[in-house]
Amino acid sequence: MPSYAPAALKAVLGPTNTGKTHLAIERMCGHSSGLMGFPLRLLAREVYERVVRIKGADQVALLTGEERIAPPGARYVLATAEAMPVRGGFGAFSDFAFVAVDEIQLAADPERGHIFTDRMLNARGREETMLLGSASMAPLVRSLLPKAEIVSRPRFSMLRYGGPQKLSRLPRRCAVVAFSVEEVYRVAELLRRHRGGAAIVMGALSPATRNAQVAMFEAGEVDYLVATDAIGMGLNLNVDHVAFASLRKFDGRRTRRLTVAEMAQIAGRAGRHQRDGTFGDVGAADGEPAFSAEEIERIEEHRFDPVEQIFWREADLPMDDVDTLIEALMERPARPGLRAAPESIDLAVLQYLADL
């Protein structure tokens, strides 16, 4: 395998709400061109709107699975990780002075991890590259990218456990996090009955509807927001308290309890730069115990187990014939710290069609 680390490479690591994404936006806007990859369409759209205000709509593109805004002269591209034009696709979007990849700890996700691993190892800017994510990625960054400079971002506000509370007694400027569409709507309806209203934010909504819901909360028209765990991925919301409706989620394969790192990613959205935040729960309907004392302590102190392995799949795929393509998709990684991605639907379908 090739050597992955160029000289102008920084890994900016730290807890949520430490300004990592804001720093990358500032750095990108100081370059002649730039590309940033995000884990969520909603986050890519939010940053797109921020950069448009700085550079103008004719200079900025948005590439996601549901939206494509690509002015001919665009020099700054905001995209989901999957849509990042890192190998010459999308016309001129193949060469950038600055490149950033957000939430690189998602490289440890079985379903999407290989995408983030590829971007982390291969997406590079001509002049500067930034990898943004959790401090739990530091050991792997040092191992896989030994020439990368690691920059630690401390959190300047406190995050404290506020205990369990009934929905009817939640404080204002609160986000309630649920892990299914049904639960989001159920909680939102209860908040409307007891507290007068709630905004809803989740990926299933159209971009226009999501933006309108966020604007309603940010303007103070409602004091409560009900969201999926998408809120943990850097959405810029003015939230003082985060309440968990459940501590279990379906991860695409099974329903499981959140890891401490996942809890902290979500809880950490409470508070702002120097304003403290709190987190708690509203009593899970599934009977799952609330936070343990150890979980609370680790979340408050930002102590998480280091990520030891991330998922990898060959990304530079040969298209000469089907057999060669399948062989490349089944290749095993040779470097420590990289783990073969689980067999995906695209590979299974390709193998099935090849056998017909």
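The values are calculated or read from the model by the stated rules, or taken from the named source; none is laboratory data. Because the structure is a prediction, the values reported are computed rather than measured. Glycine gets a Cβ as well: all are built from the backbone with ideal geometry, and neighbour counts include every protein chain shown.
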Test set (1) among the small types (Gly, Ala, Ser); (2) outside any strand (DSSP E or B); (3) under 30 Å from Val177 (Cβ atoms) - Gly280 fails condition number: (2)
The one condition in (1) surrounded by fewer than 22 Cβ atoms within 10 Å (Cβ to Cβ); (2) under 19 Å from the mean Cα position of the chain (by Cα); (3) of a type outside the set (Asp, Glu) that Ala219 fails to fulfil: (2)
Out of Arg53, Arg27, sole residue that is in a helix (DSSP H, G or I) and farther than 23 Å from Ser152 by Cα: Arg53
Selection count where residues are part of a helix (DSSP H, G or I), of a type in the set (S, T, N, Q) and touching a residue at least 12 places away in the same chain (Cβ under 8 Å), scope region 168-214: 3
Some residue of region 289-300 being assigned to a loop (DSSP other than H, G, I, E, B), at pLDDT 90 or above and out of contact with any Lys or Arg (no Cβ under 6 Å at 6 or more places or on another chain): yes
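Among the polar types (S, T, N, Q) and part of a loop (DSSP other than H, G, I, E, B) - does that describe any residue in region 137-156? Let's see the steps before the verdict.
Here is the first cut: in region 137-156, the residues among the polar types (S, T, N, Q) are 143, 152.
If we keep only those that are part of a loop (DSSP other than H, G, I, E, B) as well, we get none.
Within region 137-156, none of the residues are among the polar types (S, T, N, Q) and part of a loop (DSSP other than H, G, I, E, B).
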Residue in region 225-243 that is among the charged types (D, E, K, R), in a loop (DSSP other than H, G, I, E, B) and without any contact (Cβ under 8 Å) to a residue 40 or more places away in the chain present: no
In region 300-344, residue nearest to the chain's Cα centre (by Cα) [restricted to those that are under 14 Å from His114 (Cα atoms) and exposed (fewer than 11 other Cβ atoms within 10 Å of the Cβ)]: Asp316
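Okay, residues lined up against (1) surrounded by fewer than 24 Cβ atoms within 10 Å (Cβ to Cβ); (2) of a type in the set (A, V, I, L, M); (3) at pLDDT below 95:
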{"residue": "Leu43", "(1), (2), (3)": "yes, yes, yes"}
{"residue": "Val60", "(1), (2), (3)": "no, yes, no"}
{"residue": "Pro72", "(1), (2), (3)": "yes, no, yes"}
{"residue": "Asp102", "(1), (2), (3)": "no, no, no"}
{"residue": "Pro110", "(1), (2), (3)": "yes, no, yes"}
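State yes or no: is Phe156 of a type outside the set (A, V, I, L, M), out of contact with any His (no Cβ under 9 Å at 6 or more places or on another chain), within 30 Å of Leu23 (Cβ to Cβ) and in contact (Cβ under 8 Å) with a residue 60 or more places away in the chain? So that I can check it myself, show each step before the final result.
Details: of a type outside the set (A, V, I, L, M): yes; out of contact with any His (no Cβ under 9 Å at 6 or more places or on another chain): no; within 30 Å of Leu23 (Cβ to Cβ): yes; in contact (Cβ under 8 Å) with a residue 60 or more places away in the chain: yes.
Considered against the rule, which asks whether it is of a type outside the set (A, V, I, L, M), out of contact with any His (no Cβ under 9 Å at 6 or more places or on another chain), within 30 Å of Leu23 (Cβ to Cβ) and in contact (Cβ under 8 Å) with a residue 60 or more places away in the chain, Phe156 comes out as no.
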Of the criteria (1) among the polar types (S, T, N, Q); (2) more than 25 Å from Arg256 (Cβ to Cβ); (3) touching a strand residue (DSSP E or B) at 6+ places or on another chain (Cβ under 7 Å), which one Asn122 fails: (3)
When residues of region 26-41 are limited to those that are surrounded by fewer than 23 Cβ atoms within 10 Å (Cβ to Cβ) and closer than 17 Å to Arg124 by Cα, the one nearest to the chain's Cα centre (by Cα): Arg27
Lone qualifier among Val242, Val214 - being at pLDDT 90 or above and either buried (at least 19 other Cβ atoms within 10 Å of the Cβ) or not assigned by TED's automatic domain parsing to the domain that holds Leu23 (or both): Val242
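Out of Arg155, Arg186, Arg195, Arg254, which single residue is buried (at least 17 other Cβ atoms within 10 Å of the Cβ) and either out of contact with any helix residue (DSSP H, G or I) (no Cβ under 9 Å at 6 or more places or on another chain) or among the β-branched types (Val, Ile, Thr) (or both)?
On the way: Arg186 fails: buried (at least 17 other Cβ atoms within 10 Å of the Cβ); Arg195 fails: either out of contact with any helix residue (DSSP H, G or I) (no Cβ under 9 Å at 6 or more places or on another chain) or among the β-branched types (Val, Ile, Thr) (or both); Arg254 fails: buried (at least 17 other Cβ atoms within 10 Å of the Cβ).
Result of the check over Arg155, Arg186, Arg195, Arg254: Arg155.
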